[in-house]
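Worksheet for the structure shown next.
The values are calculated or read from the model by the stated rules, or taken from the named source; none is laboratory data. All values reported here derive from a predicted model rather than from experimental measurement. Here Cβ is always computed from backbone atoms with ideal geometry, including for glycine, and neighbour counts include all displayed protein chains. These accessible areas exclude ligands, DNA and RNA; they are computed on the full protein's heavy atoms, side chains included. Shrake-Rupley method; radii C 1.70, N 1.55, O 1.52, S 1.80 Å.
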Amino acid sequence: MKNIFQGIKAYTGAFALISKLKLWNYFFVPIGISLFTAITIGFLAYSLSSPIGAFIAKIWVWDWGKDSFTSFSSIMGGLLVVILGFILYKHIIMALSAPFMSPVSERIEAHLLGTKRHEHRNTSFREQLWRGIKINVRNLSFEILLTIPILLIGFIPVIGIISTILLFLVQAYYAGFGNMDYTLERHLNYRESITFVKNNKGAAIGNGIVFMLFLLIPVVGIILVLPLSVTAASIKTVDLLTIENRLVSTQKTTLK
């Protein structure tokens, strides 16, 4: 819980740091990717919710209660599309934005460590894109595997309410995972990064909670979600790497 709150707290100075380091130019392309992806998924959700609901309704073969089940199926179809849309949206934008977010993370790291030169793995635009796609495809697969049983729990009376909370936390974790990897990719390989985030899952969840809440804000949330969440994740990840002695800071105190 402490790490979750610290992951959330990292957002408090994100906006000011972006302005101070003049990072807004780096976000133009990712914001465009975010808007285009959101519009596309929104259109698909609107178009597919009714057909999916109608398909689900076919499993009810009895005449009695047919109308009620059809209405329920339409709601479930829309909910399913929205959930899948949320899952796909964040992984698509985080994967495609990786080459643009890595330089942002690197500048934030240099600022926090108090030096313009520090040791890390040099990666190209292509390598950063491939790393982003690889991480997010992996996370997408695991997230879907976890989401299916959680959705099934939702059908259980009383206990079903827990599914909403679990679903939100799972999405938050993988959102935070992707944001943290923009910093981790310079210092850790693929497997090491997965282990690192697992050991610091609270920080990932905290970052992802705010990420998910931003998506609930029409238009503005979609525009600001990447700049603020990536900045906050970079701040917290540099802090964690420094604490684990994976980075050397010229500052006299541990980053907070």
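What the table below lists for this structure:
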{"quantity": "Residue in the stretch 209-217 that is farther than 22 Å from Phe36 by Cα, in contact (Cβ under 8 Å) with a residue 24 or more places away in the chain, out of contact with any strand residue (DSSP E or B) (no Cβ under 7 Å at 6 or more places or on another chain) and assigned to a helix (DSSP H, G or I) present", "calculated": "yes"}
{"quantity": "Single residue of Val230, Val238 found to be buried (at least 18 other Cβ atoms within 10 Å of the Cβ), over 15 Å from the mean Cα position of the chain (by Cα), touching a residue at least 60 places away in the same chain (Cβ under 8 Å) and part of a helix (DSSP H, G or I)", "calculated": "Val238"}
{"quantity": "Matching residues in the stretch 147-172 - criterion: being among the hydrophobic types (A, V, I, L, M, F, W, C), touching a helix residue (DSSP H, G or I) at 6+ places or on another chain (Cβ under 6 Å) and either modelled with pLDDT under 85 or farther than 17 Å from Tyr89 by Cα (or both)", "calculated": "Ile150, Ile153, Leu166"}
{"quantity": "Out of Ser47, Ser19, Ser73, Ser68, sole residue that is part of a helix (DSSP H, G or I), surrounded by 18 or more Cβ atoms within 10 Å (Cβ to Cβ), polar (S, T, N, Q) and free of Cβ contacts under 8 Å to residues at least 24 places away in the same chain", "calculated": "Ser73"}
{"quantity": "Options Ile93, Ile41: the member that is within 18 Å of the chain's Cα centre (by Cα), closer than 18 Å to Gln128 by Cβ, at pLDDT 75 or above and not basic (Lys, Arg)", "calculated": "Ile93"}
{"quantity": "Looking only at the stretch 22-44, and only at residues there that are of a type in the set (S, T, N, Q) and loosely packed, with under 15 Cβ neighbours inside 10 Å, the one that is farthest from Ile223 (Cα to Cα)", "calculated": "Thr40"}
{"quantity": "Residue tally, condition open to solvent by 60 Å² or more (accessible area, probe 1.4 Å) and touching a His at 6+ places or on another chain (Cβ under 8 Å), over the stretch 137-181", "calculated": "1"}
